[in-house]
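All remarks here apply to the structure that follows.
The values are calculated or read from the model by the stated rules, or taken from the named source; none is laboratory data. The model shown is predicted, which means the values in this text are computed figures rather than measured ones. When we count neighbours, we look across all protein chains shown, and the Cβ atoms used for this are built from the backbone with ideal geometry, even at glycine.
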Amino acid sequence: MNLFQPERGYRYNSDTLLLYDFIASFTPKGEILDVGCGCGILGLLLKRDFPSIQMHLLDIQEQNCVIAKANAEANNTSIKSFTCNNFLQTKFEHKFDMIVSNPPFYHKGGVKNTNDALFLSRHSSALPFEAFAQKTTKTLSNRGYFCFCYDAKQIDTLMASLLGNGLNVEDICFVHPKEDKEASLVLIRARKNSKTLCKIHPPLFIYTGDNFTPRVKAIFEQSRTQSVTWTT
């Protein structure tokens, strides 16, 4: 899948591909909303692999929406709707079976980026998680799923916000740069109005030495993505 990306600004990285693989392992179904879709990579990959789903893409940045539409057309992928708006302020005509997202999660102690587009894509203040979880609950159908990735160091805040908004974590996987390094990313699948006990998946390691682990190589090969510079 060839994907247009801006020459400057936020460009997708391995986090999204790991999230794609995590979500795909659960065989997603129904109406799905990708919040903060960027160039559309997550939603387009899921739609490619699961053609029966109805995929909706949303992003707050106009350029991202334009690029996501162009990527859908270039890859002959049918997207149910594109919304260019702030998720927290958007009114939806119906509820979704699943919401997926690689949201901005750099915390308030991190360095803010002076580039507005990068700031919106990276810094958690652009989409505070407590507000994100609250809006997600209202936007999901009963027992709908919320699948996302986030900074592993903020797991306490995530769990509190999810549980406080009726979203029970059913699956969790920690991602480590290497076996001897602490987790840097967490992949979570939560469900609205669920009482299922949490399944803690085996940790995912990115590198062994200077090379990608076989598992990560397999994820990259399955995604089959290639970047193309977006020019206007």
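For the range 50-99, a tally of residues being loosely packed, with under 14 Cβ neighbours inside 10 Å, under 24 Å from ALA133 (Cβ atoms) and of a type in the set (Asp, Glu) returns 1.
Only one of the numbered conditions (1) at pLDDT below 95; (2) over 15 Å from the mean Cα position of the chain (by Cα) is violated by TYR106, and that is (2).
Scanning the range 75-91 for residues that are among the small types (Gly, Ala, Ser) and in contact with a helix residue (DSSP H, G or I) (Cβ under 9 Å, 6 or more places away or on another chain) turns up just one, SER78. Close Cβ contacts (under 9 Å, 6 or more residues apart or on different chains) running from residues in the range 58-84 that are within 10 Å of GLY38 (Cα to Cα) to residues that are of a type in the set (Asp, Glu) and modelled with pLDDT under 95 comprise GLN61/ASP116.
Within the range 171-190, the set of residues being within 15 Å of THR137 (Cα to Cα) and of a type outside the set (A, V, I, L, M, F, W, C) comprises ARG189 only. Condition test on ASN211, is it at negative phi, modelled with pLDDT of 95 or more and either surrounded by fewer than 13 Cβ atoms within 10 Å (Cβ to Cβ) or touching a Cys at 6+ places or on another chain (Cβ under 6 Å) (or both)? For ASN211, the condition - at negative phi, modelled with pLDDT of 95 or more and either surrounded by fewer than 13 Cβ atoms within 10 Å (Cβ to Cβ) or touching a Cys at 6+ places or on another chain (Cβ under 6 Å) (or both) - is met.
Test ALA117 against the criterion of being among the hydrophobic types (A, V, I, L, M, F, W, C) and modelled with pLDDT of 95 or more, and give yes or no. For ALA117, the condition - among the hydrophobic types (A, V, I, L, M, F, W, C) and modelled with pLDDT of 95 or more - is not met. Could you grab me the full set of residues in the range 154-179 that are surrounded by fewer than 17 Cβ atoms within 10 Å (Cβ to Cβ) and under 12 Å from PRO203 (Cβ atoms)? Within the range 154-179, PRO177, LYS178, GLU179 meet the criteria.
When restricted to residues that are of a type in the set (Ser, Thr, Tyr) and crowded, with 24+ Cβ neighbours inside 10 Å, the range 21-49 contains 0.
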